[in-house]
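Colleague: Before I ask anything, let me first share the structure, which is written out below as structure tokens.
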Amino acid sequence: MNMPDIKNRLVRTIQDAWNSVNFQFKAGERQERLRPEIIGRLLTNVMTDDERAEFYGLPTGCRMREGAKIISKENLKCGEFVWIGENAVLDASGGLEVGSHTSIGLSVYLWSHTSQMTNLTMENYSGSPLIERKPTKIGSGVFIAGPSIVLSGVTIGNKVIVAPLSVVNKDIPDYSVVAGNPAKVIKTISEEYITEERNRILGIPKVKDDTCC
């Protein structure tokens with residue numbers, strides 16, 4: 001099958017879907033509110049990561065990879081040079097703050113709401129008052145490896161490493177390395193450690209201490 005045939009078949013497939021009785025748009029307040037966001041997210045699929053970040057109004061140096069999603073972006077406070085990986089979800093519906101030079105890994109979910117009570121009480125409908133929202137805060141210089149989850153109301157301090165497959169359900173202090181479900185501190189780092197690791201990666205030799213004891 002040559003390229004024109006493939007294109008024609010694709011066009012026909014789209015036309016068939018468009019004309020299907022099951023392909024319908026509802027006219028309501030909820031639909032009108034959500035549709036521009038859906039269309040915008042669709043258009044960002046052809047953008048580069050820096051263009052996508054600018055589209056979402058993120059600050060200087062931020063990059064946002066394909067498939068990433070921001071919920072209630074008007075409630076997101078984001079620092080500079082933040083990297084957001086593929087298919088990450090940043091839920092700012094309850095308030096979300098992300099510090100500068102932080103990386104949100106692939107398929108990382110940052111939540112600021114929970115809706116479990118809507119299920120337990122059999123009241124799982126749109127706009128349920130049982131959806132509980134709490135602000136979530138991520139510090140500066142944080143690396144969250146994916147896939148990991150940060151639950152609503154959690155504060156992660158500055159210069160923290162979250163290992164892959166972690167579920168963070170409580171506050172994490174500065175200079176911590178955490179892992180597990182639920183995430184626990186497995187190591188504490190320091191500025192000295194950070195400097196040593198930076199120099200090692202850059203190939204900068206250690207300064208010899210000639211001080212005589």
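Here, each number is a calculation from the coordinates, and none is a lab measurement. Small disclaimer: the values here were computed from a predicted structure and weren't measured. Note: ideal-geometry Cβ built from the backbone for every residue, glycine included; neighbour counts use all protein chains shown.
Colleague: Assuming 0.36 nm per residue, please report the length gained on full extension of the stretch LYS134 to VAL21 beyond their Cα-Cα distance.
Modeller: So the chain would gain 36.6 nm between LYS134 and VAL21.
Colleague: Mean separation of Cα pairs under 8 Å and 6+ residues apart, divided by the residue count of the chain: what relative contact order is that in percent?
Modeller: 10 percent
Colleague: At 7 Å along the Cα-to-beta-carbon direction for both GLU191 and ASN119, put a label point, then send me their distance in nm to one decimal.
Modeller: The answer from the label model is 4.5 nm.
Colleague: For the chain, build the charge dipole from Cβ charges (+1 Lys, Arg; -1 Asp, Glu) around the Cα centre, then report which of GLY203, PRO4, PRO147 sits farthest towards its positive end.
Modeller: Ranked along the dipole, the leading option is PRO4.
Colleague: Taking θ = phi - 60°, what integer Hz values does the Karplus form 6.51 cos²θ - 1.76 cosθ + 1.60 yield along the stretch 173-186, in sequence order, with x for Gly and Pro?
Modeller: So the J values, rounded to whole Hz, are x, 4, 6, 10, 10, 10, 7, x, 9, x, 5, 10, 5, 10.
Colleague: How are the Cα pair distances of the stretch 107-204 distributed, in percent, across 10 Å bins from 0?
Modeller: In order of increasing distance, the bins hold 16, 38, 26, 13, 5, 2, 0 percent.
Colleague: When only DSSP loop residues count, what trypsin sites (Lys or Arg not before Pro) in the stretch 1-50 have their Cβ near at most 10 other Cβ atoms within 10 Å?
Modeller: LYS26
Colleague: Which angle between 0 and 90 degrees, to the nearest 10, do you get for helix 3-19 versus the longest principal axis of the chain when only C-alpha atoms count?
Modeller: In the chain, helix 3-19 runs at an angle near 70 degrees to the longest axis.
Colleague: Additional query: What chymotrypsin sites (Phe, Trp or Tyr not before Pro) in the stretch 1-35 are in a loop by DSSP, with at most 14 other Cβ atoms within 10 Å of the Cβ?
Modeller: Filter output for the stretch 1-35: PHE23, PHE25.
Colleague: Here's another thing I want to ask about it. Rounded to whole Å and sorted largest first, list the principal axis extents of the Cα atoms in the chain.
Modeller: So the extents along the principal axes, rounded to whole Å, are 86, 54, 29.
Colleague: Report the full-extension gain for the segment ASP50 to THR155: residue separation times 0.36 nm, less the Cα-Cα distance, to one decimal in nm.
Modeller: Residue separation times 0.36 nm, minus the Cα-Cα distance, leaves 35.1 nm.
Colleague: For helix 29-43, report the angle its Cα long axis makes with the longest principal axis of the Cα atoms of the chain; keep it between 0 and 90° and round to the nearest 10°.
Modeller: 70 degrees
Colleague: As I understand it, the value is the acute angle between the Cα axis of helix 191-202 and the longest principal axis of the Cα atoms of the chain; what does it come to in degrees, rounded to 10?
Modeller: So the helix axis and the longest Cα principal axis differ by about 70 degrees.
Colleague: Near the amide H of CYS78, under 5 Å away, which other amide H atoms are found, from residues 5 or more places off or on another chain, if H is placed in the peptide plane?
Modeller: VAL98
Colleague: Turning to a different aspect of this structure: Ignoring everything except DSSP H segments at least 4 long, calculate the 222 nm mean residue ellipticity for the chain; use -39,500 (n - 2.57) per segment, divide by total residues, nearest 500.
Modeller: About -8000 deg cm²/dmol.
Colleague: Quick one: length gained pulling ILE6 to LYS73 fully straight, 0.36 nm per residue minus the C-alpha distance?
Modeller: Extra length from ILE6 to LYS73 when fully extended: 20.3 nm.
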